[in-house]
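Down below is the structure, laid out as structure tokens.
The values are calculated or read from the model by the stated rules, or taken from the named source; none is laboratory data. The model shown is predicted, which means the values in this text are computed figures rather than measured ones. Here Cβ is always computed from backbone atoms with ideal geometry, including for glycine, and neighbour counts include all displayed protein chains. Surface areas here come from the heavy atoms of the whole protein model, side chains and all, with no ligands, DNA or RNA. Shrake-Rupley method; radii C 1.70, N 1.55, O 1.52, S 1.80 Å.
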Amino acid sequence: MFFSKPGEYAPCKMFSSGHFILLSITLIIVIVVLCFTKNMNKDKVKDTIRKSTVFLWILEIIKIIFNLIIGNSANPNNYIPLYYCSLILYAGLLSGFSKGKLKKIGDVFISTGAIIGGLFFLFCPNTSLPAYPMFHYISIQSFIFHGTMLYLGLLVNITNYIDLKISDIKYYAILITIISCISYVVNKILGTNFMFISDNFPNTPVEIVYNLTGKFFTLVMILIQVVGPFYLIYFIKYLIKQAKNQFDKKKM
């Protein structure tokens, strides 16, 4: 079962008991590990990002090999890492192994996009559980992958590894725009739907955007991903900071 082909066993399905179990275990592990690492200094955080990135690449490579072995080579959607959540693979390399502005691009994505992407998938694992049983590599890999993604995003914020500023949107937008442009070209050539910018993805929030925007779907989807996650996290951090300041004032 662990490496079975799609359809050989009944899929776990989203919002099932199996989904709830995987979600609960993943969130508990993320919280526990955060409790043990919340006081890391910047050097240790960077080392964690490096090791986690290597780990995520290993998981992704195994996934690619699995899909090729079972005959999914005709459907690049299943194994080419060009989705929003795949960006952690590239952001992790930039953050952990580069310097200057390239490192900043990785840092900013991890502190914003990694949280949104990780959380969204954990609650809506639409590319794994609808096709595979709970105890399958793809199912378990997806929760480990996105749980790690969420953990890194929370870690860099809790430890103040990066002082996120409103002007940092440019670093975030650069990465999203570049990957979106690459994805659009690949989608046109291969008929894929990477970054979900070329076609509808039924039974997900993408379908709402698709139905509302018509011929402007691609542009709107890119814009949503270019600005939405960054400003959402920035706004949440701003509210938390304001609440903390008010609490400190009352204590004085």
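Report, to the nearest whole %, how much of the accessible area of the chain belongs to carbon and sulfur atoms, 1.4 Å probe, protein only.
Of the solvent-accessible surface of the chain, carbon and sulfur hold 70 percent.
Full extension from residue 189 to residue 38: what is 0.36 nm times the residue separation minus their Cα-Cα distance, to one decimal in nm? Let's see the in-between values first.
On the way: separation 151, 0.36 × 151 = 54.36 nm, distance 4.46 nm.
Full extension from residue 189 to residue 38 adds 49.9 nm.
Can you give me the angle between helix 169-190 and the longest principal axis of the chain, using Cα atoms only, in degrees from 0 to 90, rounded to the nearest 10?
The two axes meet at around 10 degrees.
Using 24 Å as the Cα-Cα cut-off, could you pick out the over-long pairs in 51/237; 170/241; 104/251; 42/103; 44/104?
Details: 51/237 26 Å; 170/241 22 Å; 104/251 36 Å; 42/103 14 Å; 44/104 17 Å.
Checking Cα-Cα distances, 51/237; 104/251 exceed 24 Å.
What whole-number volume per residue, in cubic angstrom, does the convex hull of the C-alpha atoms of the chain give? Kindly include the intermediate steps, with their values, before the conclusion.
Working: hull volume 36.8 nm³, N = 252.
Taking the convex hull of the Cα positions in the chain, it is 146 Å³ per residue.
Once both axes come from the Cα atoms, what is the angle between helix 113-123 and the longest principal axis of the chain, in degrees from 0 to 90, rounded to 10?
Relative to the chain, helix 113-123 is tipped by roughly 50 degrees.
What is the sum of charges, Lys and Arg at +1 and Asp and Glu at -1, for the other residues whose Cβ falls under 14 Å from the Cβ of residue 45? Could the numbers behind the result be given before it?
Details: positive: 38, 42, 44, 46, 50, 51, 103; negative: 43, 47, 107, 163.
Around residue 45, the surrounding residues sum to +3.
Would you please classify the overall shape of the range 11-155 from the alpha carbon gyration tensor, given that a ≥ b ≥ c denote the square roots of the eigenvalues, rounded means a/c under 1.5, and beyond that prolate means a/b larger than b/c while oblate covers the rest? Before the final figure, lay out each step's value.
Values: a/c = 2.22, a/b = 1.36, b/c = 1.63.
In terms of gyration-tensor shape, oblate.
Mind giving me the nanometre distance, one decimal, between the label points for residue 17 and residue 57, set 7 Å out from Cα along Cα→Cβ?
Label at residue 17, label at residue 57, 4.1 nm between them.
Just need the relative contact order of the range 184-252 here, percent rounded to a whole number, with Cα pairs under 8 Å and 6+ apart.
Working: 30 pairs, mean separation 12.6, N = 69.
That works out to 18 percent.
So how tilted is helix 100-111 from the main axis of the chain? Cα-based, degrees 0 to 90, rounded to 10.
80 degrees
Using the alpha-carbon centroid of each, what span in Å lies between the range 1-24 and the range 163-192?
So the two Cα centres are separated by 31 Å.
Output the relative contact order of the chain, whole-number percent, from Cα pairs under 8 angstrom with separation of 6+ residues.
Numbers: 283 pairs, mean separation 60.8, N = 252.
Dividing the mean separation by the residue count of the chain yields 24 percent.
Probe of 1.4 angstrom, ligands and nucleic acids ignored: what's the accessible area per residue over the chain, in square angstrom? All intermediate terms of the calculation are to be shown ahead of the outcome.
Values: 13310 Å² over 252 residues.
Result: 53 Å² of accessible area for each residue.
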